[in-house]
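Everything below concerns the one structure shown next.
The values are calculated or read from the model by the stated rules, or taken from the named source; none is laboratory data. These figures come from a predicted structure and were not determined experimentally. Virtual Cβ from ideal backbone geometry, glycine too; neighbours counted across all protein chains shown. Heavy atoms of the whole protein, side chains included, go into the accessibility calculation; ligands, DNA and RNA do not. Shrake-Rupley method; radii C 1.70, N 1.55, O 1.52, S 1.80 Å.
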Amino acid sequence: MGFGGFGCDRGLMRIGLDIASVELSRWSDYALRFLFGGIVTAITGWIATRYGPGVAGVFLAFPAIFPAGATLIEKHEKEKKAEAGLDGEQRGRALASIDAAGAAMGTLGLIAFALLVWRFLPSHSGPTILAGAGVAWLTISVVVWWIRQWLW
């Protein structure tokens, strides 16, 4: 198993839970993710106040946690390999790349989520639309992942 439960085996990605990877993270790593996400959220709030929700919506699509997560994945892998006397730069970049692929697949689901909320929220119950859009996000993201597994 690799970092975060993702391991590479003959080009396939296995999804699992690796509790040991949690021990690699320090509170400062979580603080960095929280801080980065908070800054992006605050800037988006300011943009919404100044220019309106239509403009701010574009910034809501910014990956608030992904950049910090990808850099931390690379950093942790480098540290892990350095402890073994190896250079982990390529491995760290490869794992960050796998994380990016997962984010791209989730983005396709997010597009469906946003379209459903945009189209149906004005005329239907908020919780119902959000729940349905959440199911659509999950379904599309998983189907895209399965298609990727099947094609490669």
Contour minus end-to-end for Ala48 and Tyr30, with contour as 0.36 nm per residue of separation and end-to-end as the Cα-Cα distance? 3.8 nm
Quick one: 3J(HN,Hα) in Hz for segment 112-123, Karplus 6.51/-1.76/1.60 with θ = phi - 60°, rounded, Gly and Pro as x. 4, 4, 5, 5, 5, 5, 4, 6, 10, 4, x, 10
By how many nm would the segment from Val55 to Leu115 lengthen if fully extended, with 0.36 nm per residue of separation less the alpha-carbon distance? 20.0 nm
List residues of segment 28-61, by number, whose backbone nitrogen lies under 16 Å from a label position 7 Å along Cα→C-beta of Ala82. 29
With all protein chains present and a 1.4 Å probe, how do Asp29, Asp87, Asp99 order by accessible area, largest first? Asp87, Asp99, Asp29
Which of Ile43, Ile140 is most accessible, then next, and so on - probe 1.4 Å: Ile43, Ile140
Segment 130-137 - phi-based ³J(HN,Hα) in whole Hz, Karplus 6.51/-1.76/1.60, Gly and Pro as x: 5, 5, x, 5, x, 5, 5, 4
